[in-house]
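*Asks:* Attaching a single structure in structure tokens format; questions to follow.
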């Protein structure tokens, strides 16, 4: 690794080249004209900077992207349309493969007028980069830029450089959560060819990968989602190809190794596995887990592909699935799903039914039916609310997709997260056990306890919180409640068409909803106090006393994931001191394989260092590189708001 | 028959081959000054309070009627943060075997099994024997080796793998730091060596006490070419002492 370049990026020295620009848009310009004009102006404003030792070039020097609409214009748009997040079509997985292979000049032939103008703008900037390379004597860089991205890449280095420029252009256009897709699948042929003809050694190729990985971290601070680090640069490795053959190859290994060596938060590594994946692949993954970045995140081909097919995806497309910014399963090139458009709060459903119906129910079955109906009603509300969805048109992104994203892709499904499954299941268990079976707590008492945040009937708090079966301990009685909740969620969305002609997909992710939804309600019957968050993603309740990883794996392989396959992993957290030697790494690999072989859909593991986090709150400057996992993404601990820092630390009090 | 355990830990990483569950039997004849499981020392049940997170609400001091709370004059069902617990649970060997066997499918997938640790598991050897007779999976034992020879022999014959500590080679030093002489331990080591059983010898590296060149050389001489693992001193060793109202007295010089 080029330590000098690494430190340069780590210390953000390249930020000194940055400036801001402002742009004005003629009121009469259409949205697509504005987008094209802005892209041209952004490219023009960019100044070529080539860092010492850097082989994969292109760096952002304009840090802001001026909005194409004024506040009033946005207000008007929002009055007529449903706008998702910032209004762009995000969480797409572009066809890098094609654009790298063809080159932009060939792509230009098929592009519309706006696409053509965008390509010209990119190539103009590439030209200036090439002049700069020549000026400073970097003939190697100039040679590469002479070829790509104008013409198709032929070497490994050219492929990496072409990717970098395309990815950069997508960001510059204003798109976000631009995912990397199956990198080891579409770039490996270039590496293989170079190695076969002796044009490059494995060591040289590895150095290029490290340099390339570093490039993901140069500008990622300008791509902020909910928090710094939420930037969607997800890379998918391994898994089966369209024909069912294994993809995992030398390049996959190099990527895992580079990520471990760099210890930076991008790109975020997802490892696709299935029942045929050898334990060695899991061991390579676990070695990366040990590095403490929160990657790789595993997804199970056997479950995901089956689930996607059931939702109507073709077998070929389903086999090619990738992971969006966090964990949502999407189809590269042709998919235009909006995988994170809404979220159902399971605990909210329980809270509503608790207050409205509990007193009128004579048996738990009746109460369960009310829950089921309320889930259906909530699903209807979420779905009905999303109509006339409109996206800011993105000409460059449109070039990179195999479908016309303005009118819709081959798939236009909407993903709905489901938050707080464990909190809800545990709450139902309390109601079932004490109100209906033992009859030791009345409906009135329970409601009073919850409404008073357990100030009233305070003896119920420890009873509900610590002495009642919890999801995560392989107890069928409570786990099956979670299974039902997810089934009812899937039922609630089934058969509904969305405004783009697609369907709705139920999921097990939470995103930021584990905080937002938790604040929508007060305390909950499981003994969760007011203000306490739900578990992140799909995990046991934060305070549940859990037997250990085997029980968690068994509990969390019970749901019918093929029916709730939008994505959202089980999260397991270990103290980093557990990873003492290679033997421990191997055992963690066994645990992951067990989860997959038992039918888990997605898994994410964290090796956490509590002591470092505590110290980082006091001495942030000493822990600039401390990485933690938030929900579907990893971040530098010191760059997070305190609320998120605290939640990450809170999770550790109950570490397995 | 009934025995007393103080914990069951799934996916214990340092207690034998593959994916394992470890059960900890309560009670130990040794008093190693660096012991990091002080709740495993006494055979009897004990009150354990995680005082570091206690906010002092005092609810556990309100008199209650739970029979199991009476010996401690503290209610173990009152703490809103779940910090007050009774450490130690009486359980039938057959029932314990059933609980541990719940994950045999995972053990089989990963060449693992059940490890019995402590405390010193041999202290409850009759219970242990019945437990082993009821476990249908790979079994391992973690022992200090401090037991009568015939008991030791009987038990190791029933397990698949033995993890045995030899902490200090010198007889008097052993007495000074663990409370007992090592005669029985060294005799049992000979039995183990000649048993044909798969085993590993382990030595915790306690700074200035067991990690000295003299001690390690002397242990090496005793164990010959046996498989030997040296365990790093656990920096968190003292953490549970205050929870039991005990004091971690050892002064570790690093």
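Read-outs throughout are calculated quantities, based only on the coordinates presented, and are distinct from any laboratory measurement. Predicted, not measured: the structure shown is a model, and the values here were computed from it. Reconstructed Cβ throughout: ideal geometry from the backbone, glycine too, with neighbour counts over all protein chains shown.
*Asks:* Just checking the output field for A:573-582: average partner chain Cβ neighbours within 10 Å of each residue's Cβ?
*Replies:* The mean count of partner-chain Cβ atoms within 10 Å per residue comes to 2.
*Asks:* Partner chain Cβ atoms within 10 Å, averaged over the residues of B:6-19 - can you pull that number for me? Write down the numbers at each step before the final one.
*Replies:* Numbers: counts 0, 0, 2, 4, 11, 16, 2, 12, 6, 0, 0, 2, 3, 8.
Partner-chain Cβ atoms within 10 Å, mean over residues of B:6-19: 5.
*Asks:* Can I ask one more? Can you give the calculated 222 nm mean residue ellipticity of chain B, where each DSSP H run of n ≥ 4 adds -39,500 (n - 2.57) and the sum is split over every residue, rounded to the nearest 500 deg cm²/dmol?
*Replies:* Estimated from H runs of four or more residues: -7000 deg cm²/dmol.
*Asks:* Let me ask something additional. Nearest 0.05, what FRET efficiency do residue B:68 and residue A:622 give at R0 = 41 Å with Cβ-Cβ as r?
*Replies:* Computed FRET efficiency for residue B:68 and residue A:622 comes out at 0.30.
*Asks:* For a quick check: sort A:633, A:390 by the number of other beta carbons within 10 angstrom, fewest at the front.
*Replies:* A:390, A:633
*Asks:* A further question on this structure: Given a Förster distance of 25 angstrom, what is the FRET efficiency for residue A:204 paired with residue A:151, based on the Cβ-Cβ distance and rounded to 0.05?
*Replies:* Values: r = 23 Å, r/R0 = 0.91.
Here the calculated transfer efficiency is 0.65.
*Asks:* Something else: Going by a ≥ b ≥ c, the root eigenvalues of the Cα gyration tensor, does region B:147-188 fall in the rounded group (a/c under 1.5), the prolate group (a/b larger than b/c) or the oblate group?
*Replies:* Prolate is the answer for region B:147-188, as a/c is 1.5 or above and a/b outweighs b/c.
*Asks:* Between helix A:301-310 and chain A, what is the angle of the helix's C-alpha long axis to the longest principal axis, kept within 0 to 90° and rounded to the nearest 10?
*Replies:* With rounding to tens, the tilt is 80 degrees.
*Asks:* Sorting check: for A:635-642, A:283-290, A:200-207, which peptide has the highest mean count of neighbouring beta carbons within 10 Å, and how do the rest follow?
*Replies:* Per-residue mean Cβ counts within 10 Å order the peptides as A:283-290, A:635-642, A:200-207.
*Asks:* Give the separation of the Cα centroids, region A:53-123 to region B:133-183, in Å.
*Replies:* Cα centres, region A:53-123 to region B:133-183: 68 Å.
*Asks:* Return the ratio Rg/(2.2 N^0.38 Å) for region A:445-543, where Rg is computed over Cα atoms only.
*Replies:* On the way: Rg = 16.1 Å, N = 99, 2.2 N^0.38 = 12.6 Å.
My calculation over the Cα atoms of region A:445-543 gives 1.28.
*Asks:* Now for a different question. Based on the Cα atoms of region A:419-487, what semi-axes does the equivalent ellipsoid have, where each is the square root of 5 times one gyration tensor eigenvalue, given in whole Å with the largest first?
*Replies:* They are 21, 12, 11 Å, listed from largest to smallest.
*Asks:* Let me ask another. Students often get this wrong: which residues of region A:273-305 have the backbone nitrogen under 14 Å from the point 7 angstrom along Cα-to-C-beta of residue A:612?
*Replies:* Answer for region A:273-305: A:288-295.
*Asks:* Pop a pseudo-label 7 angstrom from the Cα along the beta-carbon direction at both residue B:98 and residue A:519 and give the gap in nm to one decimal.
*Replies:* 4.8 nm
*Asks:* Arrange the peptides B:66-73, A:493-500, A:589-596 so that the one whose residues have, on average, the most other Cβ atoms within 10 Å appears first.
*Replies:* Top of the packing list down: A:589-596, A:493-500, B:66-73.
*Asks:* Just from its helices, what would the mean residue ellipticity at 222 nm be for chain A, if runs of 4 or more DSSP H residues each count -39500 (n - 2.57) and the sum is divided by every residue, rounded to the nearest 500 deg cm²/dmol?
*Replies:* -14000 deg cm²/dmol, from helical runs alone.
*Asks:* Moving on to the next point. Could you please state, rounded to a whole Å, how far the C-alpha centre of region A:138-184 is from the C-alpha centre of region A:1-45?
*Replies:* A separation of 17 Å, based on Cα centres.
*Asks:* Something else now. Angle, helix A:156-172 long axis vs. longest principal axis of chain A, Cα atoms, 0 to 90°, nearest 10?
*Replies:* 70 degrees
*Asks:* Return B:133, A:351 ranked ascending by Cβ neighbour count within 10 Å, so the fewest neighbours appear first.
*Replies:* Going from sparsest to densest Cβ surroundings: B:133, A:351.
*Asks:* Compute the Rg/Rh shape ratio of chain A: radius of gyration over Kirkwood radius, all on alpha-carbon atoms.
*Replies:* Across chain A, the Cα-based Rg/Rh ratio is 0.98.
*Asks:* Measure off 7 Å from each Cα along the Cα-to-Cβ vector at residue A:52 and residue B:230, then give the distance between these two points in nanometres to one decimal.
*Replies:* That separation, rounded to one decimal, is 4.3 nm.
*Asks:* Additional query: Calculated FRET efficiency, residue B:181 and residue A:646, Cβ-Cβ r, R0 51 Å, to nearest 0.05?
*Replies:* That pair, residue B:181 with residue A:646, gives E of 0.50.
*Asks:* Contour minus end-to-end for residue A:22 and residue A:365, with contour as 0.36 nm per residue of separation and end-to-end as the Cα-Cα distance?
*Replies:* Between residue A:22 and residue A:365, full extension yields an extra 117.4 nm.
*Asks:* Which angle from 0 to 90°, rounded to the nearest 10, does the C-alpha axis of helix A:346-357 make with the longest principal axis of chain A?
*Replies:* With rounding to tens, the tilt is 30 degrees.
*Asks:* At 0.890 mPa s and 25 °C, plugging the Kirkwood radius over alpha-carbon pairs of region A:1-221 into Stokes-Einstein gives what diffusion coefficient in µm²/s?
*Replies:* D = 132 µm²/s.
*Asks:* Which of B:141, A:475 comes first, and how do the rest follow, when ranked by fewest Cβ neighbours within 10 Å?
*Replies:* Listing B:141, A:475 from fewest to most nearby Cβ atoms yields A:475, B:141.
*Asks:* Using the eigenvalues of the Cα gyration tensor, what equivalent ellipsoid semi-axes result for region B:1-95 when each is taken as the square root of five times the eigenvalue, whole Å, largest first?
*Replies:* Values: eigenvalues 149, 54, 41 Å².
Output for region B:1-95: semi-axes of 27, 16, 14 Å.
*Asks:* Also, I was wondering about something else. Hey, how many Å between the Cα centroid of region A:451-477 and the Cα centroid of region A:218-256?
*Replies:* For region A:451-477 versus region A:218-256, the Cα centre distance is 40 Å.
*Asks:* Please express the shape of region A:211-300 as an equivalent ellipsoid: the semi-axes are the square roots of 5 times the eigenvalues of the C-alpha gyration tensor, given largest first in whole angstrom.
*Replies:* 24, 14, 12
*Asks:* From zero outward in steps of 5 Å, how is the percent of C-alpha pairs of region A:1-92 spread across the bins?
*Replies:* Spelled out bin by bin, region A:1-92 gives 2, 11, 16, 17, 15, 13, 10, 8, 5, 2, 0 percent.
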